[in-house]
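The values are calculated or read from the model by the stated rules, or taken from the named source; none is laboratory data. Predicted model only: the values in this text are computed from it and were never measured. When we count neighbours, we look across all protein chains shown, and the Cβ atoms used for this are built from the backbone with ideal geometry, even at glycine. Ligands, DNA and RNA are excluded from the accessible area calculation, which covers all protein heavy atoms including side chains. Shrake-Rupley method; radii C 1.70, N 1.55, O 1.52, S 1.80 Å.
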Amino acid sequence: MTRIETTEFILQWVRRRQGSPADLLRALEQEAGWPGRLMLPAILDDLRARLGLPEAERKFLIYTLNAGAVAQALAEGGDPAQPYQSSMDDLFVRSRRFRRSKKFAAAVEFVARFRDYSAYNNMLVYAQNPLATHFATASHWRKAFGRSIKEEARGMLILAPRTPVLMVYDVADTDGPPLPEQMRVFARTSGRFNPALLDRTVKNCERDQIQVRCLPMGELRGGFATSRAREPGWKMRVSLRADLEEAGAYAVLCHELAHIYLGHVGADRDGWWPFRINVSEAVAEIEAESVAHIVCQRAGLRTRSAEYLSSFVEDSEDLDAISLDLISRVAGRLEEMGRRLLPPRLQSDSAS
C-alpha cells in the first residue's frame, strides 16, 4: 500500500472501529503488512494536525491514538524477524471471530475463569484453545505437580513481563501424578464477596479524579457514569443506587468504571483513558458488561452477565467495533484497583 492508501485505511478504521492502538496495528498489518508499522506514527502525526476533521475523530486521534500509546503498541509487537511474530499475528486474526457471534459470551466466561493469569493472557489462550481447562508453563507443571509435557503437546502463547512471550500448556497435554482436588474445582466460585475490594476501588477512583457517590434511584437503575462532575477537581462522576448491598454496588461500579476507562464517556485531557464516544450503545454495553463480568467472577462474585451479553451479541457488522484488547486491559486495570491502593498519579502518566 502507498502512504496515501495507508492514510485512507487508517481514517476509515478510525471512523468505523475506534478500538485500541493495538487493534489498529493488527488491522493495519493485515492490510499493509509490516511496512504499515513503519508509516503509522508519521501518518498519525499528520492526521492529528489536519484541519477540518470532525471533532470526535480529532479527539480520538489525540487521546486514544496518542504518540505514547502507539509507541507502546509498536513495542509490544516485537521484531518481524522473531520466530513467534507470525504465530501472534495469526492468533489475533482468529480472535476476531468472537466479536461477531454468540461465541463472544463464551470467551468472556473463559477469560473470567482463570484467576492466576491476567485477563489479557486468558483471552489469548482462549483464542488458541477454547477447551483449555487449566494451563501453566512446562516448568510450573514440573515443579508444582510433578507432571511433564507430552511429546505431541501444542503450546499456547501468552505475554510475559520480562520476555516477549511465554509458552503454556493445558493440563490435557501433560502426564504425571493425579491432580489435587483443589485443581479440579479451581473454576468454581463461592459467591462470597470481600468488601475491601469495593473500598480500595473507590479510593483508587479518587486517584483518577473520578467521584463516586451513592444516590436514591428507582429499582430499575443500578447506577450511571457521567462527565458532568458537579464539583471542581473531578473529571468524571459515578453514581450508585444507595440501597445496593456491597456486592451489588461493586458489580455496578465495575460496569460504570468500565464505561469510563473504555472511553465511552468522553476524553481525558491527561490521557488516562481513551476517547471512543462514537461506538454504538450495543458495543458500549457489551464491552462494559464484559469487563464487569470478568472482574466480578474472578473476585468470586456470581453475576448474570452472560444472559445480559447474549441479548446484545448477534451477527451484526456494528459489533466489529468491540475491542477485546481494551476489554481485557480494562479488566486488569479494575482488578489492580481492587487489589491495592495505587500511588498518586503524575501529570505525565498515560492510561494505566
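Quick one: count up the residues across segment 213-238 that are acidic (D, E) and on the phi > 0 side of the Ramachandran plot.
Residues meeting the conditions: 0.
Would it be correct to say that R154 is modelled with pLDDT of 80 or more, part of a helix (DSSP H, G or I), over 30 Å from R302 (Cβ atoms) and among the charged types (D, E, K, R)?
No: the conditions fail for R154.
Could you list all residues from segment 209-246 that are open to solvent by less than 20 Å² (accessible area, probe 1.4 Å), within 21 Å of R339 (Cβ to Cβ) and modelled with pLDDT under 95?
Selection gives L240 alone.
For the structure I just gave you, tell me whether R50 is open to solvent by 70 Å² or more (accessible area, probe 1.4 Å), at pLDDT 90 or above and not β-branched (V, I, T).
Yes: the conditions hold for R50.
I'd like the residue in segment 113-126 that is in contact with a strand residue (DSSP E or B) (Cβ under 9 Å, 6 or more places away or on another chain) and in a helix (DSSP H, G or I) and, out of all such residues, is surrounded by the fewest Cβ atoms within 10 Å (Cβ to Cβ).
Y120
Testing V265 on (1) free of Cβ contacts under 8 Å to residues at least 60 places away in the same chain; (2) among the aliphatic types (A, V, I, L, M); (3) closer than 25 Å to A22 by Cβ; (4) open to solvent by less than 20 Å² (accessible area, probe 1.4 Å), one condition comes back false. Which one is that?
(4)
Six or more apart or on different chains, Cβ atoms under 9 Å: show the pairs whose first residue is in segment 155-178 and on the phi > 0 side of the Ramachandran plot and whose second is charged (D, E, K, R) and open to solvent by 40 Å² or more (accessible area, probe 1.4 Å).
So the pair list comes out as G176/R142.
Tell me, yes or no, whether segment 93-109 has at least one residue that is surrounded by 16 or more Cβ atoms within 10 Å (Cβ to Cβ), at pLDDT 80 or above and β-branched (V, I, T).
No, there is no match, as no residue in segment 93-109 is surrounded by 16 or more Cβ atoms within 10 Å (Cβ to Cβ), at pLDDT 80 or above and β-branched (V, I, T).
Closer than 29 Å to G338 by Cβ, β-branched (V, I, T) and modelled with pLDDT under 75 - does that describe any residue in segment 172-188?
yes
When you go through A22, A42 one by one, which is the residue that is assigned to a helix (DSSP H, G or I), open to solvent by less than 70 Å² (accessible area, probe 1.4 Å), closer than 16 Å to A71 by Cβ and free of Cβ contacts under 8 Å to residues at least 12 places away in the same chain?
So the residue among A22, A42 that is assigned to a helix (DSSP H, G or I), open to solvent by less than 70 Å² (accessible area, probe 1.4 Å), closer than 16 Å to A71 by Cβ and free of Cβ contacts under 8 Å to residues at least 12 places away in the same chain is A42.
Condition (residue is at pLDDT 90 or above, within 18 Å of Y117 (Cβ to Cβ) and in a helix (DSSP H, G or I)) applied to segment 280-289: is it met by at least one residue?
No.
Is it the case that segment 135-150 has a residue that's charged (D, E, K, R), within 16 Å of N121 (Cβ to Cβ) and open to solvent by 40 Å² or more (accessible area, probe 1.4 Å)?
No, segment 135-150 contains no residue that is charged (D, E, K, R), within 16 Å of N121 (Cβ to Cβ) and open to solvent by 40 Å² or more (accessible area, probe 1.4 Å).
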